[in-house]
Amino acid sequence: MPKAIRIHKTGGPEVLSWEDVTVGAPGPGEARVKQHAVGLNFIDVYFRTGLYPQPLPGGLGMEAAGVVEAVGEGVTHVKPGDRVAYAGGPTGAYAQERVMPAAPLIKLPDSISFETGAAMMLQGMTVRYLIKKSYPVKAGETVLLHAAAGGIGLIACQWLKSLGVTVIGTVSSAEKAALAKAHGCTHTINYTTEDFTAKVKEITGGKGVPVVYDSIGKDTWEGSLNCLQPLGHMISFGNASGPVPPVVLTSLTARGSFYVQRPTLNTYASRRDWLEEMAGDLIDVVSNGTVKIEINQRVSLAEAGKAQAALEARQTTGCTVLLP
């Protein structure tokens, strides 16, 4: 019988349970997928802790790659035997096999491994909408990117460099600084020993940056706003340190008429044509070598709790895959 990670209550990594599950036949609009690799992301932690609520008992995980075993009525874009990868809801990717909506499934070319497919979809498509939709960057611009040595960070550093953009990246150690620079980050700031706001102003000659890409949340919110140029864009797309507190809109006016966004991948992938465009761009840059997906941790799916704990403790770099 196939197994999956389930949670029966919210809490720490200890609430993850490795259980036998029944996987039936796919219904209309669904597919059954045998999974070869599963991606680990901070959103999984948000569901585990209850920051993002879901009905319980439930599953975890938003991203994986594998092979289609069966499809339900009305599914035409994939067929049994296809190699696929996906990112997005509903939760439940922490599984050896699953029945899921077929809509998010993207065909994975033979040139991209299952591990790479599982590691790249959520983070890579997130980078794509951040730099091409949320704030379309232009060659010659300088941007601030938090967590530059993380999974999203390393993808973003490479992609932004290929577009002629200068990246200022925050990191938590000298080792992570070296990793970020090796992937295209021009300037690194160790936020544990340096005031990142002051350093950004120093690097930019006091001008600040037109956009901040911030997955950290509460701890970096105020400092990030202070890094922006007038009419700057504050793009908060994660809560690694906790959710951003309530914002007084007039404070944005006083600082320089800022734009603030809280985008999600699910919104940008809510139409099939949008999803295919995003995924197609990502597959292109990975296939041609513009972006290399760094898988620096491989963990048994049964030990997903340990992987989540390491992620929360900032002990990981690049991407982590869970192997069923």
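Which of VAL209, TRP274, VAL299 sits closest to the plus end of the dipole of the chain, meaning its Cα is farthest towards the positive end, when Lys and Arg get +1 and Asp and Glu get -1 on the C-beta?
Going by the charge dipole, the pick is VAL209.
Can you tell me which lysines have their Cα less than 24 Å from the Cα of LYS161? Leave out same-chain residues fewer than eight positions away.
LYS132, LYS133, LYS138, LYS176, LYS181, LYS199, LYS201, LYS207, LYS292
Of GLY164, GLY208, GLY184, which is the most mobile in a GNM of the chain whose springs link Cα atoms less than 10 angstrom apart?
Of GLY164, GLY208, GLY184, the most mobile in the Gaussian network model is GLY164.
Looking at the chain, send over the antiparallel percent of its DSSP beta bridges, to the nearest 5. List each step's numbers first, then the result.
Numbers: 29 of 53 bridges.
Antiparallel: roughly 55 percent of the beta bridges in the chain.
With springs only between Cα atoms under 10 Å, which of LEU179, LEU122, LEU60 fluctuates most in a Gaussian network model of the chain?
Ranking LEU179, LEU122, LEU60 by mean-square fluctuation puts LEU179 first.
Which FRET efficiency, nearest 0.05, do SER172 and THR22 yield, Cβ-Cβ r, R0 25 Å? Intermediate values should be presented prior to the final figure.
On the way: r = 42 Å, r/R0 = 1.70.
Calculated transfer efficiency: 0.05.
Working out 0.36 nm times the residue gap between ARG314 and LEU231, then minus their Cα-Cα distance, what length gain in nm do you get to one decimal? Please list the in-between numbers first.
On the way: separation 83, 0.36 × 83 = 29.88 nm, distance 3.22 nm.
Stretched fully, the ARG314-LEU231 segment lengthens by 26.7 nm.
May I ask you to derive the FRET efficiency for THR186 and ASP110 from their Cβ-Cβ distance with R0 = 35 Å, giving the value to the nearest 0.05? Intermediate values should be presented prior to the final figure.
Numbers: r = 35 Å, r/R0 = 0.99.
E(calc), rounded to 0.05, equals 0.50.
On a straight-distance basis, which lysines could pair with LYS218 in a cross-link, Cα separation under 19 angstrom, same-chain partners fewer than 8 positions away excluded?
none
Based solely on its DSSP helices, what 222 nm [θ] is calculated for the chain when runs of n ≥ 4 H residues each add -39,500 (n - 2.57) and the sum is averaged over all residues, nearest 500 deg cm²/dmol? Write out the running numbers ahead of the final one.
Values: 10 runs with 95 residues, N = 324.
Rounded to the nearest 500, the figure is -8500 deg cm²/dmol.
Who wins for biggest fluctuation among TYR129, TYR268, TYR52 in a Gaussian network model of the chain, springs between alpha carbons below 10 Å?
Among TYR129, TYR268, TYR52, the largest GNM mean-square fluctuation belongs to TYR52.
Under a Cβ-only charge scheme (Lys and Arg +1, Asp and Glu -1), can you give me the dipole magnitude of the stretch 1-108 about the Cα centre, in debye to the nearest 20?
Values: 10 positive and 10 negative charges, 19 e Å.
Dipole about the Cα centre, nearest 20: 80 debye.
In debye to the nearest 20, how big a dipole does the chain give about its Cα centre with +1 on each Lys and Arg Cβ and -1 on each Asp and Glu Cβ? Mind showing how you got there, number by number?
Values: 29 positive and 28 negative charges, 85 e Å.
Once rounded to the nearest 20, the dipole reads 400 debye.
Please name whichever of ALA178, GLY61, HIS77 sits farthest to the positive end of the charge dipole of the chain, dipole taken about the Cα centre and charges placed at Cβ: Lys and Arg +1, Asp and Glu -1.
After comparing all options, I get ALA178.
Which lysines, if any, have their Cα less than 25 Å from the Cα of LYS3, not counting same-chain residues under 8 positions apart?
The reachable lysines, counting only those whose Cα sits under 25 Å from LYS3, are LYS34, LYS79, LYS107, LYS306.
Helix by helix through the chain, keep the DSSP H runs that span 15 Å or more along the axis on Cα and average at least -1.0 on Kyte-Doolittle, and give those back in order. List each step's numbers first, then the result.
Details: long enough: 114-129 (23 Å, 0.32); 151-162 (17 Å, 0.92); 272-287 (22 Å, 0.01).
The answer, listed by residue number, is 114-129, 151-162, 272-287.
Quote the FRET efficiency, to the nearest 0.05, computed for THR253 versus TYR52 with a Förster distance R0 of 35 Å and r equal to the Cβ-Cβ distance. List each step's numbers first, then the result.
On the way: r = 31 Å, r/R0 = 0.87.
It comes to 0.70.
May I ask you to sort GLU222, GLU303 by Cβ crowding, counting other Cβ atoms within 10 Å and putting the fewest first?
Details: GLU222 12, GLU303 16.
Starting with the residue having the fewest Cβ neighbours, the order is GLU222, GLU303.
No lab work stands behind these numbers, since they all come straight from the coordinates. Since the model is a prediction, treat every value here as computed from it, not as a measurement. Quick reminder, even Gly has a Cβ in these numbers, built from the backbone with ideal geometry, and neighbours come from all protein chains shown.
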